[in-house]
1. For the range 5-144, state the average projected area of the convex hull of the C-alpha atoms over all orientations, rounded to one decimal in nm².
2. For the cross-link pairs Lys36/Lys174; Lys144/Lys247; Lys146/Lys251; Lys146/Lys169, which exceed 27 Å when the distance is taken from alpha carbon to alpha carbon?
3. Taking 30 Å as R0, compute the FRET efficiency from the Cβ-Cβ separation of Gln14 and Lys101 and round it to 0.05.
4. Please tell me the relative contact order of the range 5-144 in percent, rounded to the nearest whole number, where contacts are Cα pairs under 8 Å and at least six residues apart.
5. Taking 0.36 nm per residue of separation and subtracting the Cα-Cα distance, what length does fully extending Lys144 through Ile240 add?
6. With an 8 Å Cα cut-off and a minimum separation of 6 or more residues, compute the relative contact order for the chain in percent.
7. Between Phe27 and Asn167, what's the calculated FRET efficiency when r is the beta-carbon distance and R0 is 30 Å? Round to 0.05.
8. Please list 177-190, 126-139, 95-108 highest first by mean number of surrounding beta-carbon atoms within 10 Å per residue.
Amino acid sequence: MEFQADKIDSLVPQWLMTARKMILESFSQKIEIETKTSRNDLVTGLDRKIEQFLVRKIQECFPGSQIVSEETRPTINEIEEEGLLWIIDPIDGTMNFVKQKNDFAIMIGIFRGGKGQRGFIYDVMADRLYHGGPDQGVYCNYQKMKSPPDVPLVDGLLGVGGVMLINNKYNLQKIALASHGIRIYGSAGIEIIHVLNGQLIGYLSHLHPWDLAAGKILAETLGLVVKTIDGREVNVLSSIDVLVASKNAQKDIIMMAQSHC
Ligand code: IPD
Ligand code: CA
Ligand code: CA
Ligand code: CA
């Protein structure tokens, strides 16, 4: 199936706006909340409702698409590289959605022939849509974004996954101390948005395909590095520790992480 850029660029933002309405309406209703693997890993009725809505729209408008999505279609074997692949995170930052009603995102990454074509990260409460791809650049609410400055680790704020920091994986506490400060937002999408707009010089965390797909496309389009901590290419269909960063910060972080071994 072809990558239909114009159709995708016109339909997906409409779906995201409809999903935003569902979320805003849910704030005055009682929502179902269940635990998944642990008490810190939640899924709500809204995660499922938005995922079902997006999957239905994709199937209606782009029949034959392959879809991977966090809550109901997480299986990543049997993906054919040639087809059109949609990777969906219906609510990224479910814990923030439940506890704070802020700092969560809806994310969609679209790939064809194994290559990222479109990323959409929608910061729902800020009503800011980040979207784009290699053929068109990256936009925030339809304003073209510039690549962020190539700031080294010592001069910037670093976003990290909380568990990774607590466990001091990759010497992360020392890396954090070498930066200007660390931030933990609890949503990979929101963290990657901050890297795109230069508010963070990098983000390091353990991510699943739906946490990374959209952000990888947008970050690479803006010339940021999306690699493993030892500088290898990332397969977006794997769950892996990933660093999204400016080139300079990536060099510094890799050096400090390796000096730990
Ligand atoms: C989670 C968030 C969190 C990250 C976790 C993700 P979810 O996504 O992005 O920031 O640290 O690894 O699983 O489960 O809320 O979609
Ligand atoms: Ca989850
Ligand atoms: Ca997620
Ligand atoms: Ca999610």
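Every number in this text was worked out from the coordinates using simple rules, so none of it is lab data. As the structure is a prediction and not an experimental result, all values here were calculated from the model. As a convention, Cβ positions derive from the backbone with ideal geometry for all residues, glycine included, and neighbour counts pool all protein chains shown.
1. 8.6
2. The pairs that break the limit, which is 27 Å between Cα atoms, are Lys36/Lys174; Lys146/Lys169.
3. Efficiency, rounded to the nearest 0.05: 0.80.
4. Rounded, it is 14 percent for the range 5-144.
5. Separation in residues times 0.36 nm, less the Cα-Cα distance, equals 31.5 nm.
6. In percent, rounded to a whole number, it is 16.
7. It comes to 0.30.
8. 95-108, 177-190, 126-139
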